[in-house]
Amino acid sequence: MAGAIASRMSFSSLKRKQPKTFTVRIATMDAEMEFSCEVKWKGKDLFDLVCRTLGLRETWFFGLQYTIKDTVAWLKMDKKVLDHDVPTEEPKTFHFLAKFYPENAEEELVQEITQHLFFLQVKKQILDEKIFCPPEASVLLASYAVQAKYGDYDPNVHKRGFLAQEELLPKRVINLYQMTPEMWEERITAWYAEHQGRARDEAEMEYLKIAQDLEMYGVNYFAIRNKKGTELLLGVDALGLHIYDPDNRLTPKISFPWNEIRNISYSDKEFTIKPLDKKIDVFKFNSSKLRVNKLILQLCIGNHDLFMRRRKADSLEVQQMKAQAREEKARKQMERQCLAREKQMREEAERTRDELERRLMQLKEEATMANEALMRSEETADLLAEKAQITEEEAKLLAQKAAEAEQEMQRIKATAIRTEEEKRLMEQKVLEAEMLALKMAEESERRAKEADQLKQDLQEARESERRAKQKLLEITSKSSYTQSMNSSTTALPTDLPSYNLISESLSFDFKDTDMKRLSMEIEKEKVEYMERSKHLQEQLNELKTEIEALKLKERETALDILHNENSSRGNSKHNTIKKVS
């Protein structure tokens with residue numbers, strides 16, 4: 001009995017030790033995950049679990065976002081998850097999103113998963129019109145999005161209408177022009193075809209490199225009032241703090257770069273920005289809620305830390321990540337080159353096979369024609385031989401009749417003519433017999449000549465038949481040689497090296513010469529990029545001019561008008577910030 005009591009106590013103690021849990025749903029830009037979390041977990045515990053699940057190491061750009069009372073909030077790393085003002089029902093939903101944006105995506109985003117998450121988020125913001133994008137740039141970005149999804153353009157696969165179900169352009173852009181979906185698809189496809197050879201990660205990076213120059217990229221906007229009560233917008237991004245008119249989110253009135261700000265603080269709803277230069281007045285403003293001020297300060301601290309971090313030497317972790325990324329890029333480039341060579345060899349083999357098949361068909365046609373000619377020659381020869389035989393028999397028959405006529409004439413001459421009348425009649429018969437014999441002799445001679453001519457024609461027909469047989473023999477020998485070549489060539493693609501996805505089959509030893517060559521290739525890529533940028537700008541201007549005639553001016557938004565004014569003045573995102581700083 002004592003043993004039973006001890007057993008029950010041990011079981012109850014184990015039961016009490018089981019931690020309490022709650023369910024969390026994490027939504028990324030392209031997937032959802034559910035986790036069972038302990039009640040004591042802090043925000044960092046959950047955030048690290050999500051990052052490990054995604055294989056993400058560049059964690060400093062991201063956060064877990066949730067909404068409370070129509071206000072966006074971010075999970076704090078040092079605070080328990082359940083201590084946040086989150087809904088009580090389960091599963092508790094958080095969105096895994098980019099909280100801070102890079103100044104230069106190509107230099108700062110190292111991992112492919114980081115690039116992909118940024119690409120999806122920025123693309124959604126452009127399509128949802130949270131980032132203003134001019135029409136011509138929207139078409140270019142859409143072409144890179146198509147390249148990232150579908151790979152290289154193939155006219156046999158990507159036929160008209162293959163983009164009909166895709167959301168690629170902001171509705172504002174579509175409504176601004178008198179253009180059908182087919183016309184938009186045609187222009188997107190024209191640019192899509194030019195991105196041949198770009199892998200998914202390269203297409204997504206090109207998308208981000210264009211998007212990062214858009215005025216509203218990476219900017220968090222907040223409604224504020226200055227000391228006079230004037231309504232303004234505060235923009236927080238990777239470069240600093242910017243003050244906007246509510247009706248103009250493209251061009252800031254004032255900018256405070258992070259390196260020119262000495263202090264940022266808030267007291268209740270009042271927010272204070274102290275510039276580094278003490279001669280410049282302190283800027284104060286009020287926000288609608290204390291919670292908004294906390295969020296602004298969070299974003300300011302995070303963006304300022306990253307701003308300073310970019311201007312220092314990379315940490316050991318980042319150096320390792322960049323080295324791995326360079327090696328991975330070199331490996332993928334070598335794989336792509338190998339695949340390109342294999343593809344080229346296959347295409348050449350297929351072209352050779354098609355040419356040999358075409359030649360074989362041609363030889364078959366020639367052989368068929370030669371056979372027909374031979375059959376016609378044989379038929380002609382048979383007819384001529386038969387006709388010659390008939391003519392020869394007729395000539396023999398005529399010669400026999402002529403001989404009989406001659407005998408009859410000799411017999412008549414020898415017969416005694418007793419009376420003058422009989423003599424006269426005999427003379428007349430002799431004359432007729434002589435004329436008949438002469439005619440018979442002429443006809444026999446003509447028939448003999450005709451027989452000789454027919455023999456000559458028969459000889460020529462037989463000679464023609466011999467030549468046709470010889471040509472057919474030559475064609476048959478060529479055909480058999482072509483078939484043997486065709487069979488060996490057709491089998492060529494299967495013998496070519498095939499691309500194997502198993503990582504163990506590929507090994508790379510990056511020596512100094514390899515890295516030097518890679519550096520030279522990178523330098524070459526930079527020159528090519530400058531040339532492409534110039535070509536790209538020309539294409540954008542060309543498309544803008546082309547579709548300008550189809551624009552419905554009355555549908556232009558305030559941001560469209562402001563963007564056109566900035567473009568006409570030659571103002572861009574970066575030189576505008578420099579001017580107002």
Given the stretch 165-265 reduced to its alpha-carbon atoms as identical point scatterers, what log10 I(q)/I(0) does the Debye formula return at q = 0.12, 0.16, 0.23, 0.25 Å⁻¹? -0.64, -0.89, -1.23, -1.34
Shape category assigned to the stretch 21-98 from the gyration tensor of Cα positions, a/c cut at 1.5: rounded
Magnitude of the Cβ-charge dipole (Lys and Arg +1, Asp and Glu -1) of the stretch 220-312 about the Cα centre, nearest 20 debye, reported as 280
1/(1 + (r/R0)^6) with r = Cβ-Cβ of Thr368 and Asp154, R0 = 41 Å, i.e. FRET efficiency to nearest 0.05, evaluates to 0.65
For the stretch 220-312 the mean separation of alpha carbon contacts under 8 Å (6+ apart) over residue count, i.e. relative contact order in percent, is 24
Report the net charge of residues surrounding Ser377, where surrounding means a beta-carbon distance below 14 angstrom and charges are Lys +1, Arg +1, Asp -1, Glu -1. -2
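Please compute the net charge surrounding Asp268, taking Lys and Arg as +1 and Asp and Glu as -1 over other residues with Cβ under 13 Å from its Cβ.
In short, +4.
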Can you put Met77, Met321, Met369 in order of accessible area, largest first, using a 1.4 Å probe? Met369, Met77, Met321
Cα Rg, Dmax, the stretch 318-478, angstrom units: 41.5, 151
Determine the alpha carbon to alpha carbon distance for each of Lys159/Lys534; Lys20/Lys92; Lys44/Lys322; Lys69/Lys269; Lys294/Lys322; Lys123/Lys149 and list only those over 22 Å. Lys159/Lys534; Lys44/Lys322; Lys294/Lys322
Mind running the shape call on the stretch 220-312? Use the C-alpha gyration tensor, a ≥ b ≥ c as the square roots of the eigenvalues: rounded below 1.5 for a/c, prolate if a/b tops b/c, oblate otherwise. rounded
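Sum up the charges of everything whose Cβ sits under 14 Å from the Cβ of Lys130, counting Lys and Arg as +1 and Asp and Glu as -1, but leave Lys130 out. Could the numbers behind the result be given before it?
Details: positive: Lys123, Lys124, Lys171, Arg172, Arg249; negative: Asp128, Glu129, Glu215, Asp237.
Spelling it out: positives minus negatives among the neighbours equals +1.
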Under 1.5 on a/c is rounded, so check that first for the stretch 112-212, then, if it is not, pick prolate when a/b is larger than b/c and oblate when it is not; a ≥ b ≥ c are the square roots of the alpha carbon gyration tensor eigenvalues. oblate
Going by average Cβ density within 10 Å per residue, which order do the peptides 185-193, 446-454, 116-124 take, highest to lowest? 116-124, 185-193, 446-454
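The values are calculated or read from the model by the stated rules, or taken from the named source; none is laboratory data. Computed from a predicted structure; not experimentally measured. Neighbour counts are summed over all protein chains in view; Cβ atoms, including those assigned to glycine, are modelled from backbone coordinates with ideal geometry. These area figures cover heavy atoms from the full protein model, side chains too; ligands, DNA and RNA do not enter into them. Shrake-Rupley method; radii C 1.70, N 1.55, O 1.52, S 1.80 Å.
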